[in-house]
Amino acid sequence: MIEMAEVPKMAKVVKVGIIGTGIIAHEHVAKYRAIADVEIVAACDILPDKLENFCKQYEIPNSYADYKKLLERDDLDLVSVCVHNNLHLPISKAVMQSGKHCYCEKPLAGAYVDALEIVKIAEETGKKLHVQLGRIYTPAVHAAKKFIQDGNLGKIYHARSYGYRRRGRPFVDGYAEKEFNSKYWAGGGALYDMGVYHISQLLYLLDLPKVERVVGKVYQELPMNEQRRKEGGFDVDELGCGFVSFENNITMDILESWAIHAGDFPNSLLAGNKGGLSIGVDEIYFYNEISGYPLKSRIDTYAEQYRTRQIDPTLRLYDDSQQHFVGALQGKCPLLNTAEIALQTMLISEGIYMSSNLGREVTADEIVENSKSLAHKL
(Lines give C-alpha, C1' and ligand atoms only; values in the text may rest on other atoms or scores of the structure.)
Protein backbone atom coordinates (compact mmCIF):
# COMPACT_ATOMS: atom_id res chain seq x y z
CA MET A 1 0.00 0.00 0.00
CA ILE A 2 1.09 3.60 -0.60
CA GLU A 3 1.91 5.16 2.74
CA MET A 4 -0.26 8.03 3.92
CA ALA A 5 1.23 10.73 6.11
CA GLU A 6 -0.40 11.77 9.34
CA VAL A 7 -0.84 15.53 9.64
CA PRO A 8 -1.35 17.74 12.69
CA LYS A 9 -4.71 19.39 13.15
CA MET A 10 -4.89 23.11 12.44
CA ALA A 11 -7.46 25.84 12.90
CA LYS A 12 -10.87 25.02 11.50
CA VAL A 13 -10.71 27.69 8.77
CA VAL A 14 -7.89 27.00 6.31
CA LYS A 15 -6.50 30.18 4.77
CA VAL A 16 -5.11 29.93 1.25
CA GLY A 17 -2.78 31.96 -0.94
CA ILE A 18 -2.45 31.48 -4.70
CA ILE A 19 0.71 32.17 -6.72
CA GLY A 20 -0.02 32.47 -10.43
CA THR A 21 -3.41 33.47 -11.84
CA GLY A 22 -3.47 31.62 -15.16
CA ILE A 23 -5.92 29.01 -16.43
CA ILE A 24 -5.35 26.44 -13.71
CA ALA A 25 -5.62 29.00 -10.89
CA HIS A 26 -9.28 29.54 -11.80
CA GLU A 27 -9.89 25.84 -11.26
CA HIS A 28 -8.13 25.99 -7.89
CA VAL A 29 -10.34 28.86 -6.78
CA ALA A 30 -13.50 27.06 -7.89
CA LYS A 31 -12.49 23.97 -5.92
CA TYR A 32 -11.52 25.91 -2.79
CA ARG A 33 -14.74 27.93 -2.86
CA ALA A 34 -16.74 24.70 -2.88
CA ILE A 35 -15.16 23.63 0.43
CA ALA A 36 -16.57 24.80 3.74
CA ASP A 37 -14.12 26.53 6.09
CA VAL A 38 -11.69 27.66 3.39
CA GLU A 39 -10.82 31.32 2.87
CA ILE A 40 -8.77 32.56 -0.09
CA VAL A 41 -6.78 35.40 1.44
CA ALA A 42 -4.28 36.49 -1.20
CA ALA A 43 -3.13 36.05 -4.80
CA CYS A 44 0.04 36.89 -6.69
CA ASP A 45 0.99 37.43 -10.34
CA ILE A 46 3.65 39.48 -12.11
CA LEU A 47 1.08 40.75 -14.64
CA PRO A 48 -0.84 43.56 -12.90
CA ASP A 49 -3.96 43.61 -15.09
CA LYS A 50 -4.33 39.86 -14.93
CA LEU A 51 -3.91 39.90 -11.16
CA GLU A 52 -6.37 42.74 -10.68
CA ASN A 53 -9.06 41.04 -12.76
CA PHE A 54 -8.52 37.74 -10.98
CA CYS A 55 -8.83 39.26 -7.51
CA LYS A 56 -11.84 41.31 -8.52
CA GLN A 57 -13.59 38.29 -10.07
CA TYR A 58 -13.14 36.17 -6.94
CA GLU A 59 -13.22 38.95 -4.32
CA ILE A 60 -9.74 38.14 -3.06
CA PRO A 61 -8.77 40.97 -0.70
CA ASN A 62 -4.97 40.98 -0.98
CA SER A 63 -2.83 41.03 -4.14
CA TYR A 64 0.91 40.92 -4.69
CA ALA A 65 3.24 41.31 -7.66
CA ASP A 66 6.06 39.66 -5.69
CA TYR A 67 5.45 36.13 -4.37
CA LYS A 68 7.96 36.74 -1.59
CA LYS A 69 5.72 39.47 -0.20
CA LEU A 70 2.75 37.12 -0.22
CA LEU A 71 4.82 34.54 1.68
CA GLU A 72 5.64 37.09 4.38
CA ARG A 73 2.03 36.86 5.55
CA ASP A 74 1.68 34.91 8.78
CA ASP A 75 -1.99 34.03 8.31
CA LEU A 76 -1.65 31.58 5.41
CA ASP A 77 -1.94 27.84 6.03
CA LEU A 78 -1.32 26.64 2.50
CA VAL A 79 -0.29 28.09 -0.85
CA SER A 80 -1.30 26.84 -4.28
CA VAL A 81 1.59 27.03 -6.75
CA CYS A 82 -0.07 27.61 -10.14
CA VAL A 83 2.90 28.67 -12.28
CA HIS A 84 4.72 27.02 -15.18
CA ASN A 85 6.61 23.79 -14.52
CA ASN A 86 10.14 25.18 -14.43
CA LEU A 87 9.09 27.67 -11.75
CA HIS A 88 7.70 24.97 -9.45
CA LEU A 89 11.00 24.32 -7.68
CA PRO A 90 11.99 27.85 -6.62
CA ILE A 91 8.46 28.85 -5.63
CA SER A 92 7.49 25.60 -3.88
CA LYS A 93 10.79 25.76 -2.01
CA ALA A 94 10.06 29.31 -0.88
CA VAL A 95 6.52 28.34 0.17
CA MET A 96 7.64 25.52 2.43
CA GLN A 97 10.63 27.40 3.81
CA SER A 98 8.26 30.23 4.78
CA GLY A 99 6.34 27.79 6.98
CA LYS A 100 3.36 27.15 4.69
CA HIS A 101 2.07 23.85 3.35
CA CYS A 102 2.41 23.58 -0.43
CA TYR A 103 -0.11 22.49 -3.05
CA CYS A 104 1.86 22.21 -6.30
CA GLU A 105 0.34 21.90 -9.74
CA LYS A 106 1.26 18.95 -11.95
CA PRO A 107 3.78 17.90 -13.09
CA LEU A 108 5.89 18.29 -9.99
CA ALA A 109 8.62 20.03 -12.01
CA GLY A 110 10.15 20.22 -15.49
CA ALA A 111 12.88 17.70 -14.67
CA TYR A 112 13.20 14.76 -12.30
CA VAL A 113 16.11 16.26 -10.38
CA ASP A 114 14.04 19.39 -9.67
CA ALA A 115 11.06 17.31 -8.55
CA LEU A 116 13.34 15.33 -6.23
CA GLU A 117 14.59 18.53 -4.63
CA ILE A 118 11.02 19.70 -3.96
CA VAL A 119 10.27 16.42 -2.18
CA LYS A 120 13.48 16.73 -0.14
CA ILE A 121 12.59 20.28 0.90
CA ALA A 122 9.22 19.04 2.17
CA GLU A 123 11.04 16.45 4.27
CA GLU A 124 13.55 19.00 5.56
CA THR A 125 10.98 21.63 6.51
CA GLY A 126 8.34 19.24 7.80
CA LYS A 127 5.69 20.99 5.71
CA LYS A 128 3.13 19.02 3.75
CA LEU A 129 3.51 18.78 -0.03
CA HIS A 130 0.48 17.82 -2.11
CA VAL A 131 0.45 17.53 -5.92
CA GLN A 132 -2.54 17.97 -8.19
CA LEU A 133 -3.06 14.45 -9.55
CA GLY A 134 -6.77 14.79 -10.22
CA ARG A 135 -7.34 11.40 -11.84
CA ILE A 136 -6.79 9.42 -8.64
CA TYR A 137 -9.98 10.80 -7.07
CA THR A 138 -12.54 9.58 -9.63
CA PRO A 139 -15.33 7.07 -8.93
CA ALA A 140 -13.72 4.71 -11.46
CA VAL A 141 -10.43 4.73 -9.55
CA HIS A 142 -12.17 4.23 -6.21
CA ALA A 143 -13.85 1.15 -7.69
CA ALA A 144 -10.60 -0.09 -9.23
CA LYS A 145 -8.78 0.25 -5.92
CA LYS A 146 -11.48 -1.77 -4.15
CA PHE A 147 -11.44 -4.50 -6.82
CA ILE A 148 -7.67 -4.79 -6.51
CA GLN A 149 -7.68 -4.82 -2.72
CA ASP A 150 -10.34 -7.54 -2.70
CA GLY A 151 -8.16 -9.74 -4.92
CA ASN A 152 -10.41 -9.72 -7.98
CA LEU A 153 -7.50 -9.11 -10.37
CA GLY A 154 -5.10 -11.55 -8.72
CA LYS A 155 -1.49 -10.80 -9.62
CA ILE A 156 -1.34 -7.67 -11.78
CA TYR A 157 1.40 -7.95 -14.36
CA HIS A 158 0.69 -5.30 -17.02
CA ALA A 159 -0.79 -1.79 -17.28
CA ARG A 160 -1.58 0.46 -20.25
CA SER A 161 -1.62 4.26 -19.86
CA TYR A 162 -3.59 6.08 -22.56
CA GLY A 163 -4.29 9.78 -23.09
CA TYR A 164 -5.91 11.16 -26.24
CA ARG A 165 -6.48 14.43 -28.05
CA ARG A 166 -7.05 14.39 -31.80
CA ARG A 167 -5.86 17.99 -32.14
CA GLY A 168 -5.26 19.83 -28.88
CA ARG A 169 -1.77 21.24 -28.68
CA PRO A 170 -1.67 24.26 -26.38
CA PHE A 171 -1.57 27.67 -28.07
CA VAL A 172 -0.79 26.49 -31.62
CA ASP A 173 -4.21 24.82 -31.78
CA GLY A 174 -5.91 27.74 -30.06
CA TYR A 175 -5.97 26.51 -26.45
CA ALA A 176 -4.10 27.94 -23.44
CA GLU A 177 -0.87 29.91 -23.27
CA LYS A 178 2.23 29.58 -25.43
CA GLU A 179 4.43 28.67 -22.46
CA PHE A 180 2.82 25.21 -22.39
CA ASN A 181 4.68 24.22 -25.56
CA SER A 182 8.05 25.68 -24.58
CA LYS A 183 10.75 23.51 -23.04
CA TYR A 184 12.13 26.64 -21.39
CA TRP A 185 8.96 27.03 -19.33
CA ALA A 186 7.38 23.56 -19.27
CA GLY A 187 10.23 21.08 -19.70
CA GLY A 188 8.13 18.81 -21.90
CA GLY A 189 4.89 18.52 -23.85
CA ALA A 190 2.12 15.95 -23.96
CA LEU A 191 3.89 13.56 -21.58
CA TYR A 192 4.19 16.20 -18.88
CA ASP A 193 0.89 17.99 -19.49
CA MET A 194 -1.46 15.01 -19.89
CA GLY A 195 0.60 11.88 -19.30
CA VAL A 196 1.07 12.83 -15.66
CA TYR A 197 -2.63 12.17 -15.01
CA HIS A 198 -2.78 8.72 -16.58
CA ILE A 199 0.63 7.43 -15.48
CA SER A 200 0.12 8.61 -11.89
CA GLN A 201 -3.33 7.04 -11.79
CA LEU A 202 -1.91 3.63 -12.64
CA LEU A 203 1.05 4.00 -10.29
CA TYR A 204 -1.42 4.75 -7.49
CA LEU A 205 -3.47 1.65 -8.31
CA LEU A 206 -0.30 -0.48 -8.55
CA ASP A 207 0.90 0.77 -5.14
CA LEU A 208 3.92 2.48 -6.69
CA PRO A 209 6.15 -0.38 -7.88
CA LYS A 210 9.85 0.39 -8.25
CA VAL A 211 10.91 1.44 -11.76
CA GLU A 212 13.76 -0.58 -13.26
CA ARG A 213 14.01 0.37 -16.96
CA VAL A 214 12.35 2.74 -19.46
CA VAL A 215 12.37 2.90 -23.25
CA GLY A 216 10.41 5.28 -25.45
CA LYS A 217 10.12 7.83 -28.21
CA VAL A 218 8.58 11.29 -28.54
CA TYR A 219 7.37 13.02 -31.70
CA GLN A 220 6.40 16.38 -33.18
CA GLU A 221 5.35 15.56 -36.74
CA LEU A 222 1.97 17.13 -37.53
CA PRO A 223 1.82 20.54 -39.25
CA MET A 224 0.67 23.58 -37.28
CA ASN A 225 -0.08 27.25 -37.79
CA GLU A 226 3.35 28.67 -38.60
CA GLN A 227 2.68 32.07 -37.08
CA ARG A 228 1.64 30.38 -33.84
CA ARG A 229 4.66 28.06 -34.02
CA LYS A 230 6.98 31.03 -34.36
CA GLU A 231 5.28 33.05 -31.64
CA GLY A 232 5.14 30.13 -29.21
CA GLY A 233 8.50 28.58 -30.03
CA PHE A 234 7.00 25.09 -30.06
CA ASP A 235 9.84 22.70 -29.17
CA VAL A 236 8.19 19.91 -27.15
CA ASP A 237 6.44 16.62 -27.87
CA GLU A 238 2.92 16.30 -29.26
CA LEU A 239 3.04 12.50 -28.95
CA GLY A 240 4.92 10.33 -26.49
CA CYS A 241 5.10 6.57 -26.22
CA GLY A 242 7.05 4.33 -23.89
CA PHE A 243 7.45 1.03 -22.12
CA VAL A 244 8.35 0.68 -18.45
CA SER A 245 9.67 -2.38 -16.62
CA PHE A 246 9.09 -2.49 -12.87
CA GLU A 247 10.22 -4.85 -10.15
CA ASN A 248 8.24 -8.08 -9.66
CA ASN A 249 7.85 -8.57 -13.42
CA ILE A 250 5.28 -5.76 -13.85
CA THR A 251 5.24 -3.70 -17.05
CA MET A 252 3.43 -0.64 -18.40
CA ASP A 253 3.11 0.77 -21.90
CA ILE A 254 2.28 4.44 -22.47
CA LEU A 255 0.71 6.40 -25.34
CA GLU A 256 -0.03 10.09 -24.82
CA SER A 257 -1.26 12.41 -27.55
CA TRP A 258 -1.79 16.14 -27.95
CA ALA A 259 -2.26 15.60 -31.67
CA ILE A 260 -2.47 12.52 -33.89
CA HIS A 261 -4.23 11.35 -37.07
CA ALA A 262 -6.12 8.60 -35.27
CA GLY A 263 -9.44 7.85 -33.63
CA ASP A 264 -10.10 7.78 -29.91
CA PHE A 265 -7.70 5.71 -27.83
CA PRO A 266 -9.15 2.99 -25.59
CA ASN A 267 -9.24 3.37 -21.83
CA SER A 268 -6.23 2.76 -19.63
CA LEU A 269 -6.14 -0.77 -18.27
CA LEU A 270 -4.77 -3.14 -15.68
CA ALA A 271 -4.32 -6.85 -16.46
CA GLY A 272 -4.11 -9.52 -13.76
CA ASN A 273 -4.14 -13.31 -13.80
CA LYS A 274 -7.67 -13.42 -12.35
CA GLY A 275 -9.23 -10.39 -14.02
CA GLY A 276 -8.64 -7.06 -15.70
CA LEU A 277 -9.95 -3.50 -15.54
CA SER A 278 -10.54 -0.92 -18.27
CA ILE A 279 -10.54 2.51 -16.61
CA GLY A 280 -12.00 5.62 -18.21
CA VAL A 281 -12.91 9.03 -16.83
CA ASP A 282 -16.51 8.12 -16.04
CA GLU A 283 -16.61 4.40 -16.71
CA ILE A 284 -14.92 1.19 -15.67
CA TYR A 285 -15.22 -2.37 -16.99
CA PHE A 286 -14.20 -5.60 -15.31
CA TYR A 287 -13.04 -8.58 -17.41
CA ASN A 288 -12.88 -12.16 -16.12
CA GLU A 289 -14.25 -15.62 -16.83
CA ILE A 290 -17.23 -17.53 -15.44
CA SER A 291 -17.45 -21.25 -16.17
CA GLY A 292 -14.87 -20.75 -18.90
CA TYR A 293 -16.84 -17.97 -20.62
CA PRO A 294 -15.17 -14.56 -21.09
CA LEU A 295 -17.17 -11.92 -19.24
CA LYS A 296 -17.23 -8.11 -19.60
CA SER A 297 -19.04 -6.26 -16.79
CA ARG A 298 -19.71 -2.54 -16.56
CA ILE A 299 -19.35 -1.37 -12.96
CA ASP A 300 -21.96 1.04 -11.60
CA THR A 301 -19.55 3.29 -9.71
CA TYR A 302 -21.95 6.10 -8.91
CA ALA A 303 -24.53 3.96 -7.12
CA GLU A 304 -21.87 2.50 -4.84
CA GLN A 305 -20.18 5.86 -4.33
CA TYR A 306 -23.49 7.43 -3.28
CA ARG A 307 -24.24 4.60 -0.87
CA THR A 308 -20.82 4.55 0.80
CA ARG A 309 -20.66 8.31 1.23
CA GLN A 310 -24.12 8.43 2.77
CA ILE A 311 -22.96 5.85 5.29
CA ASP A 312 -19.50 7.37 5.84
CA PRO A 313 -19.32 11.07 4.79
CA THR A 314 -15.56 11.21 5.48
CA LEU A 315 -15.05 9.23 2.25
CA ARG A 316 -15.94 12.43 0.39
CA LEU A 317 -12.52 13.70 1.38
CA TYR A 318 -11.14 11.36 -1.31
CA ASP A 319 -13.36 12.68 -4.12
CA ASP A 320 -11.36 15.79 -4.98
CA SER A 321 -7.72 16.82 -4.70
CA GLN A 322 -8.20 20.21 -3.00
CA GLN A 323 -10.84 18.83 -0.67
CA HIS A 324 -8.51 15.99 0.28
CA PHE A 325 -5.59 18.30 1.10
CA VAL A 326 -7.73 20.67 3.14
CA GLY A 327 -9.30 17.74 4.98
CA ALA A 328 -5.87 16.29 5.73
CA LEU A 329 -4.60 19.60 7.08
CA GLN A 330 -7.68 19.80 9.31
CA GLY A 331 -6.86 16.36 10.67
CA LYS A 332 -9.90 14.70 9.12
CA CYS A 333 -7.96 12.13 7.05
CA PRO A 334 -4.38 10.96 6.41
CA LEU A 335 -2.71 12.59 3.41
CA LEU A 336 -2.21 10.46 0.31
CA ASN A 337 1.43 10.42 -0.77
CA THR A 338 0.90 12.30 -4.02
CA ALA A 339 4.41 13.76 -3.77
CA GLU A 340 6.03 10.33 -4.19
CA ILE A 341 3.55 9.30 -6.90
CA ALA A 342 4.29 12.53 -8.78
CA LEU A 343 8.05 12.01 -8.36
CA GLN A 344 7.90 8.49 -9.82
CA THR A 345 5.73 9.78 -12.66
CA MET A 346 8.48 12.31 -13.39
CA LEU A 347 11.07 9.52 -13.37
CA ILE A 348 9.14 7.60 -16.02
CA SER A 349 8.39 10.65 -18.18
CA GLU A 350 11.96 11.92 -18.15
CA GLY A 351 13.09 8.36 -18.85
CA ILE A 352 11.05 8.38 -22.06
CA TYR A 353 12.61 11.71 -23.10
CA MET A 354 16.09 10.43 -22.27
CA SER A 355 15.53 7.16 -24.12
CA SER A 356 14.21 9.02 -27.16
CA ASN A 357 17.31 11.25 -27.24
CA LEU A 358 19.75 8.35 -26.75
CA GLY A 359 17.93 5.87 -28.98
CA ARG A 360 18.06 3.09 -26.39
CA GLU A 361 16.60 1.79 -23.16
CA VAL A 362 17.70 3.53 -19.95
CA THR A 363 17.78 2.30 -16.36
CA ALA A 364 16.18 4.09 -13.43
CA ASP A 365 19.66 4.80 -12.05
CA GLU A 366 20.69 6.41 -15.36
CA ILE A 367 17.66 8.68 -15.30
CA VAL A 368 18.40 9.81 -11.75
CA GLU A 369 22.11 10.33 -12.41
CA ASN A 370 21.69 12.19 -15.70
CA SER A 371 18.65 14.36 -15.01
CA LYS A 372 19.56 18.04 -15.54
CA SER A 373 17.84 20.89 -13.75
CA LEU A 374 15.56 23.11 -15.85
CA ALA A 375 14.42 25.20 -12.89
CA HIS A 376 14.59 28.97 -13.22
CA LYS A 377 16.57 31.03 -10.77
CA LEU A 378 14.40 33.69 -9.12
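The values are calculated or read from the model by the stated rules, or taken from the named source; none is laboratory data. These figures come from a predicted structure and were not determined experimentally. Positions of Cβ are generated from backbone atoms using ideal geometry, with glycine treated the same way; all protein chains shown enter the neighbour counts. Please note that ligands, DNA and RNA were not included when accessible areas were found on the heavy atoms of the full protein model with its side chains. Shrake-Rupley method; radii C 1.70, N 1.55, O 1.52, S 1.80 Å.
Structure notes:
- Tensor-based shape of segment 88-223 (alpha-carbon gyration tensor, a/c under 1.5 rounded, otherwise prolate or oblate): oblate
- Per-residue 3J(HN,Hα) values for segment 152-158, derived from phi via the Karplus relation 6.51 cos²θ - 1.76 cosθ + 1.60 with θ = phi - 60°, read 6, 9, x, 7, 7, 10, 8 Hz in sequence order (x marks Gly and Pro).
- Remark on ARG213: its backbone amide H falls under 5 Å from those of SER245, ALA364, a criterion applied only to residues 5 or more positions apart or on other chains, H modelled at 1.01 Å from N.
- For the cross-link pairs LYS106/LYS372; LYS50/LYS377; LYS106/LYS128; LYS69/LYS377, the ones whose C-alpha atoms lie over 21 Å apart are LYS50/LYS377.
- Counting DSSP beta bridges with both ends in the chain, the antiparallel % (nearest 5): 60
- Inter-part distance, segment 91-152 to segment 302-378, computed on C-alpha centroids, equals 5 Å.
- Loop-located trypsin sites (Lys or Arg not before Pro) in segment 205-275 (DSSP state not H, G, I, E or B) with no more than 13 neighbouring Cβ atoms inside 10 Å: LYS210, LYS274.
- Shape call, segment 240-295: gyration tensor on alpha carbons, a/c limit 1.5: oblate
- Overall form of the chain per C-alpha gyration tensor (a/c, 1.5; a/b vs b/c): oblate
- Taking a straight Cα-Cα cut-off under 14 Å and skipping sequence neighbours fewer than 8 places away in the same chain, the aspartates and glutamates within cross-link reach of LYS12 are ASP37, GLU39, ASP75, ASP77.
- Between the amide H of VAL83 and those of GLU105, distances stay under 5 Å, these residues lying 5 or more places away or on another chain, with hydrogens modeled in the peptide plane.
- Taking amide H as placed 1.01 Å from N in the peptide plane, the amide H of HIS158 sits under 5 Å from that of THR251, ALA271, each at least 5 places away or on another chain.
- Taken one residue at a time, the phi angles of segment 247-261 give Karplus couplings (6.51, -1.76, 1.60, θ = phi - 60°) of 5, 6, 6, 9, 10, 8, 10, 10, 9, 10, 10, 8, 7, 6, 7 Hz. Gly and Pro are set to x.
- Loop-located GluC sites (Glu not before Pro) in segment 25-116 (DSSP state other than H, G, I, E, B) with a sparse environment of at most 11 neighbouring Cβ atoms within 10 Å: GLU59, GLU72.
- Net charge in the neighbourhood of GLY276 (other residues with Cβ under 14 Å of its Cβ; Lys, Arg +1, Asp, Glu -1) is +4.
- Rounded to the nearest Hz, the phi-derived 3J(HN,Hα) couplings of segment 56-61 under the Karplus curve 6.51 cos²θ - 1.76 cosθ + 1.60 (θ = phi - 60°) are 5, 4, 10, 6, 8, x, where x marks glycine and proline.
- Heavy atoms of the protein chains alone define the surface here; on that basis the chain has 45 Å² accessible area per residue at 1.4 Å probe size.
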